[in-house]
1. For region 190-227, give me each residue that is within 16 Å of the ligand (Cβ to nearest atom) and hydrophobic (A, V, I, L, M, F, W, C).
2. List pairs: first residue in region 70-81 and on the phi < 0 side of the Ramachandran plot, second residue open to solvent by 50 Å² or more (accessible area, probe 1.4 Å) and not in a helix (DSSP H, G or I) anywhere in the structure, Cβ distance under 7 angstrom, at least six positions apart or on different chains.
3. Just for region 1-21: of the residues that are open to solvent by 10 Å² or more (accessible area, probe 1.4 Å) and away from the ligand (no atom under 16 Å from the Cβ), which one is nearest to Glu48 (Cα to Cα)?
4. Just to be sure I understand, how many residues within region 138-174 are within 13 Å of the ligand (Cβ to nearest atom) and closer than 18 Å to Gly15 by Cα?
5. Would you pick out the residues in region 94-115 that are more than 16 Å from the ligand (Cβ to nearest atom), outside any helix (DSSP H, G or I) and in contact with a Ser or Thr (Cβ under 8 Å, 6 or more places away or on another chain)?
6. Sort out for me the helices (runs of 4 or more DSSP H) sitting completely within region 233-319 that have 1 or more residues that are within 16 Å of the ligand (Cβ to nearest atom) and buried (at least 19 other Cβ atoms within 10 Å of the Cβ).
7. Name every residue in region 133-156 that is touching a Ser or Thr at 6+ places or on another chain (Cβ under 7 Å), open to solvent by 10 Å² or more (accessible area, probe 1.4 Å) and either aliphatic (A, V, I, L, M) or closer than 16 Å to Ala19 by Cβ (or both), in order of residue number.
Amino acid sequence: MKRIAVLTSGGDAPGMNAAIRAVVRTAIYHNVEVIGVMRGYSGLIHGEFVKMDLGSVADIIHRGGTILHTARSQEFLTEDGRQRAVQKMKEAGIEGLVAIGGDGTFRGAAALDKLGIPTIGVPGTIDNDIPCTSLTIGFDTVVNTVVDAINKIRDTATSHERIFVIEVMGRNAGFIALAAGLAGGAESILIPEIPADVTTVVDNIRRGLARGKRHSIILVAEGVGDVREITEKITKLSGLETRLSILGYIQRGGTPTALDRILASRMGAEAVRLLLKGERAKMIGIAGEEIKSFDIQWALQQKKEIDLDQYNLAGILSI
Ligand code: F6P
């Protein structure tokens, strides 16, 4: 293999730049050229290619976002779009691709591989909702961002003796809410995987009040449903002053944690090593300390389960 490409697609995640850097530098180390594809699969269709060199990835390991930009391409979901992408890659002499992103990115990677371009997927999403890997690039950073926000909101919640409902991202999954709720000592955590009744939340609040707790933090994953309705219900049932804080897009930005940079560096490098070994249609994952790879089609059919022990522990520790 003489020339490969790298792209980032879907929602950006802190650590994507560290992954791009690892792909570029590992490939160059092995005398392989690297093409950066701008704007994900959309850039692939439109031939938005830039030649990457060692300097092009200097000073990015600590930056959030992605220097290659990202997009959610509707065009790439069509057969015609995918064929055009393959055509552009062939014209540019690209023999393999590393696609960094979430499950949509992996579906695209699997489709490209079927069309003849060896592709490896690197899990980059704050949501951590990718099976076969305990961590995705960006998850550790977002959890730290949310915990930092909880700490700050707790200051004002304590001062005003209020209930705070905080909505966090995660699409249809509750991994961010669970990890940040456990680390931030949230009084209740609502996630889509485990249906919970608002009356239980209010019972928790009342129990806390009875033992002198003057404030509560309720962490709600966006996938649970309309957070405004949930907040209204809590206000009505508890009769207490309640405020809602939707953290929104600050969760996607910021400098990646050391853990995310190390994870991204290891995963990016492994993706290149796999391509050079002739492997294809794989996704990279981490289990314990070990970097592993899995058949991407098979991985896409698996479901990542929420850690029930952690969920139960969060409940026990918030009594
Ligand atoms: O997948 C990452 C994520 O930030 C989700 O948590 C969120 O639901 C979604 O992207 C938001 O997407 P968009 O950037 O298209 O609004």
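The values are calculated or read from the model by the stated rules, or taken from the named source; none is laboratory data. Owing to the predicted nature of the structure, the values given are computational and were not obtained by experimental measurement. Note that we place each Cβ from the backbone using ideal geometry, even for glycine, and neighbour counts take in every protein chain shown. When the accessible area is computed, the model is the full protein with side chains, heavy atoms only, and any ligands, DNA or RNA have been set aside. Shrake-Rupley method; radii C 1.70, N 1.55, O 1.52, S 1.80 Å.
1. Initially, region 190-227 is screened for residues within 16 Å of the ligand (Cβ to nearest atom), giving 190-193, 219-227.
Hits for region 190-227 are Leu190, Ile191, Leu219, Val220, Ala221, Val224, Val227.
2. From residues that are on the phi < 0 side of the Ramachandran plot, the pairs are Thr70/Arg39; Ala71/Arg39.
3. Arg3
4. Going residue by residue through region 138-174, those that are within 13 Å of the ligand (Cβ to nearest atom) are 138-139, 141-143, 145-146, 167-174.
Next, from what is left, pick out any that are closer than 18 Å to Gly15 by Cα: 138-139, 141-143, 145-146, 169-170.
The number of residues fulfilling the criteria is 9.
5. Gly96, Leu97, Val98
6. On the way: elements: 258-276, 296-301, 308-317.
Result: 258-276.
7. First, pick out the residues of region 133-156 that are touching a Ser or Thr at 6+ places or on another chain (Cβ under 7 Å): 136, 138, 140-141, 144, 153.
The next check asks that each one be open to solvent by 10 Å² or more (accessible area, probe 1.4 Å); those that pass are 140, 144, 153.
Selection gives Asp140, Ile153.
Each row is one residue, and each column tells you yes or no for (1) part of a helix (DSSP H, G or I); (2) closer than 20 Å to Asn312 by Cα; (3) open to solvent by 30 Å² or more (accessible area, probe 1.4 Å).
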site	(1), (2), (3)
Thr158	yes, no, yes
Ile176	yes, yes, no
Ile189	no, yes, no
Asp203	yes, yes, yes
Leu219	no, yes, no
Ile230	yes, no, no
